[in-house]
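Enquirer: Have a look at this one.
The values are calculated or read from the model by the stated rules, or taken from the named source; none is laboratory data. This is a predicted model, so every value here is computed, not measured. Here the Cβ is made from the backbone with ideal geometry for all residues, glycine too, and neighbour counts use every protein chain on show.
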Amino acid sequence: MIKNMEYMMENIFSNINLPLNKQVNILEVGTGNGDGTTVYMNNILKRNIFDYRIHSYEGIGECYKQATSFWHAQNDPKIKIINKFFCDKEDIEQMVLPNIFGQGNIMTKEHYTEKYKKILETGIFEGDIDYTPDIILIDSWRFGHAAIVNKCKKYCDENTIFIVEDDLRAQRRRVYGEEEILKRYFYLKNIKRFKGDLYDGTWNFFTFNL
Ligand SMILES: C[S@@+](CC[C@H](N)C(=O)[O-])C[C@H]1O[C@@H](n2cnc3c(N)ncnc32)[C@H](O)[C@@H]1O
């Protein structure tokens, strides 16, 4: 069991062979305030490869502001924080809302439906990207992953490695995890699972190719 998010990222990346002969493109969905997974990935990449970019998406304005202010202070041109939702709007209706189930205070169907409804009305969604991501890290809201993977599918290739948070698995009364939601829509190859310790705030993750 991995007890810390930084070690979780170290552990996951130690299982990945990063290409050394080209610019490595990382697509992150769910920057939050910018001082978590983005920092851990950047530290790993900095140590291991010369040429990389992290394109990190945060759809919520308040978090985006925190993240840009954090990264502005680091003055690192390799990191780009983007204030857009990375998924197609229509996929929220098709692949997110139907999978939401109520569980506890912060996981009620009402809570998520309300959040996604707001996004459907006012959110700014990414159009096209002009690179093939080598690694895609999805640390978004639970239930939202399938719509994100569906958009990524247009831009990734068979070598692209998805690193995806699977925190539904960590709930005591697990009904099903994000992995199982994704399997309803996609054939996931080469799955590897990394077990976190929820009590230390470390979610489970899994990696796969499409
Ligand atoms: C769990 S937090 C991210 C935590 C962050 N990775 C860290 O280590 O601190 C999830 C974030 O994903 C954002 N988010 C969820 N779905 C998104 C999407 N499709 N596009 C962009 N941002 C999204 C939410 O606004 C939220 O701030």
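Enquirer: Those residues that are of a type in the set (Phe, Trp, Tyr) and either within 15 Å of MET8 (Cβ to Cβ) or in a helix (DSSP H, G or I) (or both), I need them from segment 31-51; list them, please.
Expert: TYR40
Enquirer: Applying the selection to segment 120-140, what residues are under 22 Å from LYS80 (Cβ atoms) and touching a Lys or Arg at 6+ places or on another chain (Cβ under 7 Å)?
Expert: The answer is ILE124, PHE125, GLU126.
Enquirer: Being part of a helix (DSSP H, G or I), in contact with a helix residue (DSSP H, G or I) (Cβ under 9 Å, 6 or more places away or on another chain) and charged (D, E, K, R): is that true of GLU28 here?
Expert: In short, no.
Enquirer: Given GLY177, GLY201, GLY127, which one is surrounded by fewer than 19 Cβ atoms within 10 Å (Cβ to Cβ), of a type in the set (Gly, Ala, Ser) and at pLDDT below 95?
Expert: Result: GLY201 is the single residue among GLY177, GLY201, GLY127 that is surrounded by fewer than 19 Cβ atoms within 10 Å (Cβ to Cβ), of a type in the set (Gly, Ala, Ser) and at pLDDT below 95.
Enquirer: May I pose another question? Hey, can you tell me all the residues within segment 187-202 that are in a loop (DSSP other than H, G, I, E, B) and either touching a residue at least 40 places away in the same chain (Cβ under 8 Å) or in contact with a Cys (Cβ under 7 Å, 6 or more places away or on another chain) (or both)?
Expert: LYS195, ASP197, GLY201, THR202
Enquirer: Additional query: What do you reckon, is LEU97 touching a Lys or Arg at 6+ places or on another chain (Cβ under 7 Å) and within 14 Å of the ligand (Cβ to nearest atom)?
Expert: The answer is no for LEU97.
Enquirer: Do we have HIS55 as modelled with pLDDT of 95 or more and either near the ligand (Cβ under 10 Å from one of its atoms) or surrounded by fewer than 18 Cβ atoms within 10 Å (Cβ to Cβ) (or both) here?
Expert: Answer is no for this residue.
Enquirer: Mind checking which residues of segment 34-52 are within 12 Å of the ligand (Cβ to nearest atom) and either over 21 Å from PRO133 (Cα atoms) or among the charged types (D, E, K, R) (or both)?
Expert: ASP35, the sole residue that qualifies.
Enquirer: Condition first: surrounded by 21 or more Cβ atoms within 10 Å (Cβ to Cβ) and closer than 16 Å to ILE82 by Cα. Now tell me which residues in segment 26-41 satisfy that.
Expert: ILE26, LEU27, GLU28, VAL29, GLY30, THR31, GLY34, THR37, THR38
Enquirer: Given the condition under 24 Å from GLU179 (Cα atoms) and within 15 Å of the ligand (Cβ to nearest atom), answer yes or no: does some residue in segment 59-76 qualify?
Expert: yes
Okay, residues lined up against (1) hydrophobic (A, V, I, L, M, F, W, C); (2) modelled with pLDDT of 90 or more:
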{"residue": "ILE81", "(1), (2)": "yes, yes"}
{"residue": "PHE85", "(1), (2)": "yes, yes"}
{"residue": "LYS89", "(1), (2)": "no, yes"}
{"residue": "ILE100", "(1), (2)": "yes, no"}
{"residue": "TYR112", "(1), (2)": "no, no"}
{"residue": "ASP134", "(1), (2)": "no, yes"}
{"residue": "PHE143", "(1), (2)": "yes, no"}
